[in-house]
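Trainee: Attaching a single structure in structure tokens format; questions to follow.
The values are calculated or read from the model by the stated rules, or taken from the named source; none is laboratory data. All values reported here derive from a predicted model rather than from experimental measurement. For neighbour counting, all protein chains shown are included, and Cβ atoms are generated from backbone atoms with ideal geometry for every residue, glycine included.
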Amino acid sequence: MRIYIDFDDCLCETARMLAKEAKEKYGRNVPYEDMRYFDLKKSFSLNDEEYDEFMVAAHYPETLISLEETPGASEVINEWIDEGHEVFIITGRPLSTEEASRKWLDNHNLERVKLFFLDKYSRDEFYRKGESNLSLEDFYKMDFDYAIEDSPNAFRFFDSFSKLKVMVFSRPWNLECELPGKNYTRCTDWKMIKNLVR
């Protein structure tokens with residue numbers, strides 16, 4: 001099988017860290033459980049300047065490397081690789097975070113996974129050319145059996161894959177989202193994902 005996995009809030013607990021940062025930096029007390037919007041500017045009621053500053057700080061290498069692993073992620077992924085399946089981490093992070101993102105994966109025993117950067121959220125200003133930077137054209141040429149994603153904003157990228165089964169990692173910002181089709185399944189943890197991906 002060929003498996004697509006998003007990075008933030010599928011492999012690691014990014015939003016929990018961001019909620020703490022928003023409280024410390026801007027006094028925005030929005031607990032992780034109350035983050036109803038994927039749009040962080042909206043979730044934390046940030047103005048343009050605050051949001052830009054917040055996003056820069058969120059992508060500092062030391063911040064990314066310190067993120068906690070989502071329980072069970074590396075164990076399940078390594079089992080899939082041991083069984084001969086191909087795993088692709090496809091993130092919407094800026095390509096400038098490649099070194100820190102790769103280090104996080106290596107630190108969590110995920111040295112064998114392939115890491116790619118896709119402009120999922122029209123953040124072109126963050127991107128530069130590189131081997132890990134996937135164009136949409138190249139992405140659509142890839143073939144996946146399963147996708148694991150938390151962001152409703154990314155679901156549109158799956159429309160071109162007719163046989164794809166999407167595991168929606170349940171997070172506060174997608175709880176009220178209507179899933180686009182029968183091939184989408186809401187999953188609460190990696191144990192459930194493992195049982196469904198066969």
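Trainee: Looking only at the stretch 68-109, how many residues end up being aliphatic (A, V, I, L, M) and either in a strand (DSSP E or B) or outside the structural domain of E131 (by TED's automatic domain parsing) (or both)?
Mentor: Residues that pass the stated criteria total 3.
Trainee: In addition: For residues that are surrounded by 15 or more Cβ atoms within 10 Å (Cβ to Cβ) and more than 24 Å from M192 (Cβ to Cβ), tally how many sit in the stretch 38-56. Step through it out loud before you land on a result.
Mentor: First, pick out the residues of the stretch 38-56 that are surrounded by 15 or more Cβ atoms within 10 Å (Cβ to Cβ): 38, 40-41, 43-44, 46, 50-51, 54-55.
The next check asks that each one be more than 24 Å from M192 (Cβ to Cβ); those that pass are 40-41, 43-44, 46, 50-51, 54-55.
The qualifying residues number 9.
Trainee: Take the residues of the stretch 46-79 that are small (G, A, S) and modelled with pLDDT of 95 or more: which is farthest from F155 (Cα to Cα)?
Mentor: S66
Trainee: Being more than 13 Å from the chain's Cα centre (by Cα) and in contact (Cβ under 8 Å) with a residue 60 or more places away in the chain is the filter here; which residues of the stretch 1-29 pass it? Walk me through how you get there before you give the answer.
Mentor: Residues of the stretch 1-29 that are more than 13 Å from the chain's Cα centre (by Cα), as a first pass: 1-3, 16-29.
Scanning the stretch 1-29 gives M1, R2, I3.
Trainee: So which of I65, I90, I81 ends up being β-branched (V, I, T) and buried (at least 20 other Cβ atoms within 10 Å of the Cβ)?
Mentor: Details: I65 fails: buried (at least 20 other Cβ atoms within 10 Å of the Cβ); I81 fails: buried (at least 20 other Cβ atoms within 10 Å of the Cβ).
None of the others qualify; the one that does is I90.
Trainee: A further question on this structure: How about the stretch 131-153: which of its residues are at pLDDT 90 or above, in a helix (DSSP H, G or I) and out of contact with any Leu (no Cβ under 7 Å at 6 or more places or on another chain)?
Mentor: Y140, K141, P152, N153
Trainee: Of all the residues that make up the stretch 154-170, how many are part of a helix (DSSP H, G or I), of a type outside the set (G, A, S) and crowded, with 17+ Cβ neighbours inside 10 Å? Steps first, please.
Mentor: Of the residues in the stretch 154-170, the ones part of a helix (DSSP H, G or I) are 154-158.
Within this subset, residues satisfying the condition of being of a type outside the set (G, A, S) are 155-158.
If we keep only those that are crowded, with 17+ Cβ neighbours inside 10 Å too, we end up with 155, 157-158.
Counting residues in the stretch 154-170 that are part of a helix (DSSP H, G or I), of a type outside the set (G, A, S) and crowded, with 17+ Cβ neighbours inside 10 Å gives 3.
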